[in-house]
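Chemist: Pasting in a structure now, in structure tokens, and then I'll have a few things to ask.
The values are calculated or read from the model by the stated rules, or taken from the named source; none is laboratory data. Computed from a prediction, not measured in an experiment: that's the story for all the values here. Every residue, glycine among them, receives a Cβ derived from its backbone with ideal geometry; neighbour counts consider all protein chains shown.
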Amino acid sequence: MTHPRPGYPAPQRLPATRAPYVPVPGPGHVPAQGPVPGQGHPVPPPAVYASPAVSPAHPRSAVELQSTAEPIQAEAFDLPRPALVAEDEAVRISVDNNRCHIYGICQQEAPEIFRISEGGSLHYTRGVPAEFAAQARQAVRCCPMQAIQIRGGAGPGPKADRAHPRRSGKASRAGRRRVVVAGAGLAGLSAATRLRERGFDGELVLVGEEPHRPYSRPPLSKQYLSGALSDEQLTFRADEGLDAHWLLDTPITGLDIHGSAIELRGGERLPFDGLVIATGVDAKRLPEAPVFSDRVRTIRTLGDAAAIHRAMRTAQARHVVILGGGFVGCELACTAREHGMDVTLVVHSAPLLRRVLGERVGSVVAGIQRRAGVDVRLGTQITDWRDHGDMLRLRLDDGDVLDCDFVVLGLGSHPRTEWLRGSGLDVSDGVLCGPTCHAVDGWGRVMPHIVAAGDVARWPNARFDSQPRRVEHLIHAVEMGQHAADALLRGPDRAARFAPVPRFWSEQHGTRIQAAGIPSLGTDVEIVEGSLRAERFVARYSRRTPYGPQTVAAVAFDMPVELLAYRDQIGRSLPRTRGAGRRKRR
Ligand SMILES: Cc1cc2nc3c(=O)[nH]c(=O)nc-3n(C[C@H](O)[C@H](O)[C@H](O)COP(=O)(O)OP(=O)(O)OC[C@H]3O[C@@H](n4cnc5c(N)ncnc54)[C@H](O)[C@@H]3O)c2cc1C
Ligand code: SF4
């Protein structure tokens, strides 16, 4: 038996004005889709996007949801007052040179304000006119180093200096609507901030299992490990002035959809009117690796990174093996090399980063790693693990033996949906959402009061096709959090589709890689600027569609300015024209 958390009033319910859930035939259904803004053609609506494997498996929730659920309606969130952040007021910005790492994300978000020169330094306009203030704010949110400060305009909360109790106290907000954000990471913070910016003046509760406020994860494999940034410097500043209750160190254990409540550790229930699911992902582990050994590490949280930081600084630590060749593993290899360690990168597939960047571009990264002294072992895996106390002995399938001080697993991630099992939501590979970010249950029915965002969310990006996918990038967490908040306020019928151009970056031994779009969708890769040999180029990824060739991604190595032009093409199908031959490959 569970009881409401003391101090949390039951949420106010408005009378339902239409049927709570829209039943659809079959296991999944996508609402009719019009053209994506800025694109040349409508994307054909898919027939099914719920995963068939889960559809008929939850008869209990099917009946209950249809008969008893009482979700809030879009109208329930009608905004009581204008936006709290005036994005049309002039602002002043400054950049902390000690933090800025010239990633150039600010330039992508606000090209009118930030520019990276040929020489690689950042130039920006301090006094930002009102028309570019929104761009400037977005750059602040997306800078992984939290290097940009902004002044002017209003803050993101009604009372910027309000003290925030770690746990909420009296039920001072009785009768007000409550939005719960499950997962106090970047996507959750972004959604919460957007709710306030849009004028939501109900109760906002962020629940996270980590003891920290949301922090920037990208520096965990880079500047935090190298000691250039401390843990306090990773904390996002966006929550300054956010009028919210923070339930930190509080794992969520369940979701009761038809009772509109989440369950917390210890059995407490927290009712909600609207829910944002943003519980992210966790690092994958390997069953055959020694489970309790201090010498086998993953890197997802500040705690993980702190442990690796300590391991690297242990007096005798000389050799680290990184298992898995994703971006995080490769970045870790860079940091460990800079620290003077011997690094072996063991990757099951070949070439490096083939799945993400394709064979030719991935090979360039392998070359960069090898030149920096990383021992890159491709197409191999560990078959035997021995913890000898003072070192780990690993046997590879080609017979080689590696003795090392510790291993870091960089094997990808799995979505944090264990708390949603049995809830009725479709959680096969993340929380399945419709095009508007509203969650979908095992029968493909849209939940009007539940949205998802960030690494945990799987949704069909109509810019590309109808296939639901997860995207695990920082800028994506910011944008999807914002969109999910808007969608929650507007409701599934009025919300826009979320159809962004995903963007990410990485740094490999000083080479800055920036990408826009989804390179893995490309069937053709052409070098459209620079050259592979010089390791300075822009690669364009495209595929054929019934409407003509479509640019699906562009990846730039040390060419951040040049990338901008290609970014704007992504997702468009270009009508075939006679004589429009492909540019010569170099
Ligand atoms: C080492 C590292 C390097 C990276 N580098 C880059 C990079 O260079 N470029 C890039 O674009 N992206 C990078 N990323 C990815 C980027 O950081 C993520 O995409 C982003 O943090 C996703 O934000 P999120 O809010 O969706 O998830 P998270 O940041 O993971 O937040 C989710 C939160 O929910 C909490 N949670 C989970 N389950 C529960 C539960 N049951 N109850 C309560 N709380 C729960 C988690 O503890 C976590 O705090 C990197 C990530 C890592 C780990
Ligand atoms: S986004 Fe990159 S270049 Fe821009 S301020 Fe932040 S660290 Fe510097």
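Chemist: Considering only residues that are under 11 Å from F406 (Cα atoms) and among the β-branched types (V, I, T), look in region 315-340 and name the one that is surrounded by the most Cβ atoms within 10 Å (Cβ to Cβ).
Modeler: So the residue we want is I322.
Chemist: In addition: Being surrounded by fewer than 22 Cβ atoms within 10 Å (Cβ to Cβ) and part of a strand (DSSP E or B) is the requirement here; does G254 meet it? Reasoning before the result, please.
Modeler: On the way: surrounded by fewer than 22 Cβ atoms within 10 Å (Cβ to Cβ): yes; part of a strand (DSSP E or B): yes.
Against the criterion (surrounded by fewer than 22 Cβ atoms within 10 Å (Cβ to Cβ) and part of a strand (DSSP E or B)), G254 qualifies.
Chemist: Checking F498 against (1) touching a Gly at 6+ places or on another chain (Cβ under 9 Å); (2) of a type in the set (F, W, Y); (3) within 17 Å of G571 (Cα to Cα), which single condition isn't satisfied?
Modeler: (1)
Chemist: Between A90, A134, A139, which is away from ligand 1 (no atom under 16 Å from the Cβ), at pLDDT 55 or above and within 25 Å of A565 (Cα to Cα)? I'd like the intermediate steps shown before the answer.
Modeler: Numbers: A90 fails: within 25 Å of A565 (Cα to Cα); A139 fails: away from ligand 1 (no atom under 16 Å from the Cβ).
Of the residues listed, the single one that is away from ligand 1 (no atom under 16 Å from the Cβ), at pLDDT 55 or above and within 25 Å of A565 (Cα to Cα) is A134.
Chemist: Testing N97 on (1) outside any loop (DSSP other than H, G, I, E, B); (2) without any contact (Cβ under 8 Å) to a residue 60 or more places away in the chain; (3) near ligand 2 (Cβ under 10 Å from one of its atoms); (4) not hydroxyl-bearing (S, T, Y), one condition comes back false. Which one is that?
Modeler: (1)
Chemist: Of all the residues that make up region 258-287, how many are part of a loop (DSSP other than H, G, I, E, B), within 16 Å of ligand 1 (Cβ to nearest atom), buried (at least 17 other Cβ atoms within 10 Å of the Cβ) and on the phi < 0 side of the Ramachandran plot? Can you show your working first?
Modeler: Start the filter on region 258-287 by keeping residues that are part of a loop (DSSP other than H, G, I, E, B), which leaves 258-260, 265-268, 272-273, 278-280, 284-287.
Retained after the next criterion (residues that are within 16 Å of ligand 1 (Cβ to nearest atom)): 265-268, 272, 278-280, 284-285.
When the remaining residues are screened for being buried (at least 17 other Cβ atoms within 10 Å of the Cβ), the result is 268, 272, 278-280.
Still in the running and on the phi < 0 side of the Ramachandran plot: 268, 272, 278-279.
Count: 4.
Chemist: Filter region 205-233 down to the residues that are at pLDDT 95 or above and of a type in the set (A, V, I, L, M, F, W, C) and list them by number.
Modeler: Scanning region 205-233 gives V205, L206, V207, L220.
Chemist: Please go through region 121-144 and give me each residue that is assigned to a loop (DSSP other than H, G, I, E, B), over 25 Å from the mean Cα position of the chain (by Cα) and within 10 Å of ligand 2 (Cβ to nearest atom), ordered by number.
Modeler: Residues of region 121-144 that are assigned to a loop (DSSP other than H, G, I, E, B), as a first pass: 121, 125-126, 129, 143-144.
Add one more test, that the residue is over 25 Å from the mean Cα position of the chain (by Cα), and what stays is 121, 125-126, 129.
Passing the criteria: only S121.
Chemist: Filter region 288-330 down to residues that are within 16 Å of ligand 1 (Cβ to nearest atom), touching a Leu at 6+ places or on another chain (Cβ under 7 Å) and part of a loop (DSSP other than H, G, I, E, B), then give me how many there are.
Modeler: Number of matching residues: 3.
Chemist: Just for region 224-247: of the residues that are under 21 Å from L474 (Cα atoms) and of a type in the set (A, V, I, L, M), which one is surrounded by the fewest Cβ atoms within 10 Å (Cβ to Cβ)?
Modeler: A228
Chemist: Any residue in region 257-280 that is polar (S, T, N, Q), closer than 15 Å to A191 by Cβ and in contact with a Gly (Cβ under 9 Å, 6 or more places away or on another chain)? Talk me through it step by step, then tell me what you get.
Modeler: Residues of region 257-280 polar (S, T, N, Q): 260, 279.
Among the residues that remain, those that are also closer than 15 Å to A191 by Cβ are: 279.
Checking the rest, the ones that are also in contact with a Gly (Cβ under 9 Å, 6 or more places away or on another chain) come to 279.
Yes, region 257-280 contains at least one residue that is polar (S, T, N, Q), closer than 15 Å to A191 by Cβ and in contact with a Gly (Cβ under 9 Å, 6 or more places away or on another chain).
Chemist: Let me ask you something else. Give the number of residues within region 451-478 that are near ligand 1 (Cβ under 8 Å from one of its atoms) and farther than 16 Å from G430 by Cβ.
Modeler: Total satisfying the criteria: 2.
Okay, residues lined up against (1) part of a helix (DSSP H, G or I); (2) not assigned by TED's automatic domain parsing to the domain that holds A556:
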{"site": "L489", "(1), (2)": "yes, yes"}
{"site": "A495", "(1), (2)": "no, yes"}
{"site": "W505", "(1), (2)": "no, yes"}
{"site": "A516", "(1), (2)": "no, no"}
{"site": "E526", "(1), (2)": "no, no"}
{"site": "E529", "(1), (2)": "no, no"}
{"site": "R533", "(1), (2)": "no, no"}
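Chemist: Checking R445 against (1) buried (at least 17 other Cβ atoms within 10 Å of the Cβ); (2) touching a Lys or Arg at 6+ places or on another chain (Cβ under 7 Å); (3) of a type in the set (K, R), which test does it fail?
Modeler: (2) is the only condition that R445 fails.
Chemist: Return yes when A333 is without any contact (Cβ under 8 Å) to a residue 40 or more places away in the chain and not in a strand (DSSP E or B) and no when it is not. Before the answer, list the steps.
Modeler: Working: without any contact (Cβ under 8 Å) to a residue 40 or more places away in the chain: no; not in a strand (DSSP E or B): yes.
Against the criterion (without any contact (Cβ under 8 Å) to a residue 40 or more places away in the chain and not in a strand (DSSP E or B)), A333 does not qualify.
Chemist: Can you give me the number of residues within region 466-478 that are out of contact with any helix residue (DSSP H, G or I) (no Cβ under 8 Å at 6 or more places or on another chain) and either charged (D, E, K, R) or not in a strand (DSSP E or B) (or both)? Spell out how you get there, then give the answer.
Modeler: Taking region 466-478 as the starting set, the residues that turn out to be out of contact with any helix residue (DSSP H, G or I) (no Cβ under 8 Å at 6 or more places or on another chain) are 466-469, 473.
If we keep only those that are either charged (D, E, K, R) or not in a strand (DSSP E or B) (or both) too, we end up with 466-467, 469, 473.
Selection size over region 466-478: 4.
Chemist: Give, as residue ranges, the strands (runs of 3 or more DSSP E) completely inside region 367-465 that count at least 1 residues that are of a type in the set (A, V, I, L, M, F, W, C).
Modeler: So the answer is 375-378, 382-387, 392-396, 401-404, 406-409, 438-440, 446-452, 457-460.
Chemist: Scan region 182-205 and report the pairs whose first residue is within 7 Å of ligand 1 (Cβ to nearest atom) and assigned to a strand (DSSP E or B) and whose second residue is of a type in the set (S, T, N, Q) and at pLDDT 95 or above, with Cβ atoms within less than 8 Å and a gap of 6+ or a chain change.
Modeler: Correct list of pairs: A182/T279.
Chemist: In region 403-421, which residues are within 30 Å of G442 (Cα to Cα) and of a type in the set (G, A, S)?
Modeler: The initial filter retains those residues of region 403-421 that are within 30 Å of G442 (Cα to Cα), namely 411-421.
The answer is G412, S413.
Chemist: Oh, and also: W505 fails exactly one of the following numbered conditions: (1) closer than 21 Å to I105 by Cβ; (2) more than 14 Å from ligand 1 (Cβ to nearest atom); (3) of a type in the set (A, V, I, L, M, F, W, C). What is the number of that condition?
Modeler: It fails just one condition, (2).
Chemist: Which numbered condition trips up P214, out of (1) touching a residue at least 60 places away in the same chain (Cβ under 8 Å); (2) buried (at least 23 other Cβ atoms within 10 Å of the Cβ)?
Modeler: Only one criterion in (1) touching a residue at least 60 places away in the same chain (Cβ under 8 Å); (2) buried (at least 23 other Cβ atoms within 10 Å of the Cβ) is unmet by P214, namely (1).
Chemist: Inside region 100-120, can you point out the residues that are over 22 Å from the mean Cα position of the chain (by Cα), within 11 Å of ligand 2 (Cβ to nearest atom) and not aliphatic (A, V, I, L, M)?
Modeler: Within region 100-120, F114, R115, G120 qualify.
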